[in-house]
Amino acid sequence: MQNKIIFVILCLVLFFVALGYLVYNDAFLYRSAAVVDISENQTLMLTDREYFPFVHKLLNSANQSIHIVMFSMNYYPDYPDSSVNMLLKDLENAAGRGLDVKVVVDEHATDSPLLKMLQKKGINIKFDRKDITTHDKLIIIDGKIVIIGSTNWSYYSFEKNHEANVVIYSKELADDFEYYFEKICAESG
């Protein structure tokens, strides 16, 4: 009987050690970002480290257009394989495939070498008016998928911050956001 009790106690200790390890390493806090499919009329939540792999897959599967309104987009020349740089390369590749790729950013970035580089790659870049701050983090893909939330395209947003976003597959909602996007473009310089 004493051996059974010792065995049960050891099993419980191992269980709680393993559980503590998993919780400490965020295994239960973050779902796997490996699931990257979205169906019509579906809504998904993307948090923290889920953002990059999902958006990366969606940008690469775009067929017609990628329209973005983003407060901050960064480029890291010392880290060419960074997640942020990979999304920028996705935009460049999409423009190279003939997609309509347009980006609106806050006017504070008008001197950004990154944005000038993207313009040279065929991406239409616009800057909001000086009297307004564009703080959106919005992506519209093929006029049917909307990604909106808190994630800027920066190292800290992708790797360190808590961020919350929603992916919505809805032609109707995408149409509304396209109207909003075009309104901002018309007002931008």
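The values are calculated or read from the model by the stated rules, or taken from the named source; none is laboratory data. No experiment lies behind these values; they were computed from the predicted model shown. For neighbour counting, all protein chains shown are included, and Cβ atoms are generated from backbone atoms with ideal geometry for every residue, glycine included.
For residues that are basic (Lys, Arg) and out of contact with any strand residue (DSSP E or B) (no Cβ under 6 Å at 6 or more places or on another chain), scanning just the stretch 120-136, find the one that is nearest to Ser61 (Cα to Cα).
Lys121
Filter the stretch 130-154 for residues that are of a type in the set (D, E, K, R) and either surrounded by 13 or more Cβ atoms within 10 Å (Cβ to Cβ) or touching a helix residue (DSSP H, G or I) at 6+ places or on another chain (Cβ under 6 Å) (or both) and give the result.
Lys130, Asp136, Lys137, Asp142, Lys144, listed by residue number.
Kindly indicate whether any position in the stretch 109-119 is buried (at least 18 other Cβ atoms within 10 Å of the Cβ), in contact with a strand residue (DSSP E or B) (Cβ under 8 Å, 6 or more places away or on another chain) and not hydrophobic (A, V, I, L, M, F, W, C).
No, there is no match, as no residue in the stretch 109-119 is buried (at least 18 other Cβ atoms within 10 Å of the Cβ), in contact with a strand residue (DSSP E or B) (Cβ under 8 Å, 6 or more places away or on another chain) and not hydrophobic (A, V, I, L, M, F, W, C).
If Cys185 passes every condition in (1) at pLDDT below 95; (2) in contact with a His (Cβ under 8 Å, 6 or more places away or on another chain) but one, which one does it miss?
The failed condition is (2).
For the stretch 155-182, what are the residues that are of a type outside the set (A, V, I, L, M, F, W, C) and either part of a strand (DSSP E or B) or buried (at least 18 other Cβ atoms within 10 Å of the Cβ) (or both)?
Ser157, Glu163, Asn165, Tyr169
Failed condition for Lys89, given (1) at pLDDT 90 or above; (2) not in a helix (DSSP H, G or I), with all others met?
Lys89 satisfies every listed condition except (2).
I'd like to verify a number: residues in the stretch 72-100 that are touching a residue at least 60 places away in the same chain (Cβ under 8 Å) and polar (S, T, N, Q), how many?
Qualifying residue count, the stretch 72-100: 4.
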